[in-house]
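Visitor: The structure's right below; bear with me while I get my questions together.
Where a number appears in this text, it was derived from the coordinates with a stated rule and is not lab data. Everything numeric in this text was worked out from a predicted model, so none of it was measured. Glycine gets a Cβ as well: all are built from the backbone with ideal geometry, and neighbour counts include every protein chain shown.
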Amino acid sequence: MTLQERDHAVIWHPFTQQKNRQPPVPIVKGKGTLLFDEQGNEYIDAISSWWVTLHGHAHPYIAEKLYQQALTLEQVIFAGFTHEPAVSLAERLLPIIPGNFARIFYSDNGSTSTEVALKMSLQYWWNNSRGQLTVDSEQITVNSQQSTFNGERTKILAFNDAYHGDTFGAMSVSDRSVFTLAFHDKLFEVIFIDTPNADNISQLKQIVISQGQEIAAFIYEPLVQGAGGIKMYEAKWMDELLKAVKQQGIICIADEVMTGFGRTGKLFASEYMTEKPDIICLSKGLTGGTMALGITACTDKIYQAYVNDDKLKTFFHGHSFTANPLACTAALASLDLLLKPECQQQIDWISTQNKVFANHLTTLNSNSTPDRLPTKSRPTYDLRHESLRTLGTILAFEIAEGQDGYLNNISTTITQKAMEQGIYIRPLGNTVYIMPPYCITLEELGKVYGMLEELLG
């Protein structure tokens with residue numbers, strides 16, 4: 001049996017319709033920007049394998065660090081123990097995360113990092129709204145000594161079109177979409193608002209002011225909404241919204257699972273705003289795509305709500321593989337590579353090339369005629385009007401084919417067309433995007449641009 005056949009008999013793949021599903025491509029090797037299948041065909045990984053691979057596949061520096069760590073300590077419980085990779089990673093991350101962060105809480109992936117942030121925020125208000133708690137006959141009761149805090153906040157504010165993960169808390173604060181449809185009656189209520197712009201900023205601020213005293217936290221993907229369709233919005237208006245949110249004492253949670261570690265052109269998207277988050281969620285590029293690891297960092301103000309003689313105010317959350325030494329080691333190695341001047345120069349170079357190519361596509365689209373016929377030298381599809389956008393190493397646009405949305409079947413067709421040219425992309429419905437590893441070469445990036453240009457004209 002081939003690897004494809006063996007897979008078909010035993011595997012259930014994510015985000016994949018099971019009936020009449022296309023057989024997965026058997027990948028046997030990765031090197032740099034390239035993936036290699038069983039037949040020796042190579043594919044440029046233009047989306048960094050779901051946005052995680054920063055420095056390319058099978059990077060020798062990260063591999064060597066992992067090997068050495070595996071010979072020393074591969075795993076240890078993180079309740080009551082600690083180890084060098086976890087402490088070193090926290091020490092290195094805290095100074096570079098934008099804001100005044102004091103503590104790192106480890107988890108397993110992006111969804112769990114946002115789950116931790118939500119629980120951390122809600123319990124912050126729960127802890128502060130009560131006096132000393134005691135356990136009496138297995139029932140939690142409130143001591144007569146009451147806190148001076150006036151009221152408990154329980155609501156969450158989030159954006160329409162948001163995506164924060166697939167666990168239940170993360171789904172609750174994500175847009176009600178095809179991703180969450182089967183679970184809507186199980187998700188907690190959330191106040192959803194649009195991303196800010198010049199036309200709606202006043203209205204959004206009024207919502208924040210009118211409901212602010214009930215809102216525990218505001219969770220957001222800064223500047224780029226990933227799985228919701230690579231939707232982008234301006235830092236100027238986000239800054240104004242964040243200022244209004246902070247004036248109401250609402251905890252700000254930046255979900256930088258996708259945008260972190262250079263994707264937007266800066267180390268973190270939150271650097272584009274003056275107002276900084278109180279909690280930040282990191283994963284994906286954290287380990288350079290090598291291992292699963294999640295981080296939820298918080299300010300000292302959040303942390304102090306849990307520093308208490310009352311054991312019932314402990315943050316009762318953890319994972320078996322919390323702060324896994326191998327994952328922390330991979331993150332440290334990735335950070336070494338990321339902070340090198342040559343890597344920062346590559347990020348700047350990709351960002352510049354994306355802008356140049358976006359301008360080129362805009363010119364092509366404006367010069368096109370509606371009655372042209374598709375040929376090898378002419379576009380197969382039209383660009384959705386004014387949908388072309390880029391920020392840092394991310395470039396995206398919509399194909400004018402059917403309805404906008406994840407279920408648009410054009411994604412399968414476009415993926416296949418790209419694979420035939422040795423390029424792997426995975427459109428979100430009719431949203432086509434690229435987010436390449438930082439090690440991509442001029443030739444490779446040119447090939448990706450050429451495929452997109454052939455797609456559009």
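Visitor: Can you find a residue in the range 84-95 that is in contact with an Asp or Glu (Cβ under 8 Å, 6 or more places away or on another chain) and either charged (D, E, K, R) or closer than 18 Å to Lys284 by Cα (or both)?
Guide: No, every residue in the range 84-95 fails to be in contact with an Asp or Glu (Cβ under 8 Å, 6 or more places away or on another chain) and either charged (D, E, K, R) or closer than 18 Å to Lys284 by Cα (or both).
Visitor: Name the single residue, out of those in the range 175-200 being free of Cβ contacts under 8 Å to residues at least 24 places away in the same chain and in a loop (DSSP other than H, G, I, E, B), that is surrounded by the fewest Cβ atoms within 10 Å (Cβ to Cβ).
Guide: Selected residue: Asp199.
Visitor: Would you kindly identify the helices (runs of 4 or more DSSP H) lying entirely within the range 1-117 that contain at least 1 residues that are among the small types (Gly, Ala, Ser) and either crowded, with 20+ Cβ neighbours inside 10 Å or in contact (Cβ under 8 Å) with a residue 12 or more places away in the chain (or both)?
Guide: In the range 1-117, the matching helices (runs of 4 or more DSSP H) lie at 48-51, 60-70, 84-93.
Visitor: For the range 274-286, which residues satisfy the criterion of being assigned to a loop (DSSP other than H, G, I, E, B) and crowded, with 24+ Cβ neighbours inside 10 Å?
Guide: Within the range 274-286, Pro277, Asp278, Ser283 qualify.
Visitor: Residues in the range 299-326 that are closer than 18 Å to Gly165 by Cβ and not in a loop (DSSP other than H, G, I, E, B): how many?
Guide: 0
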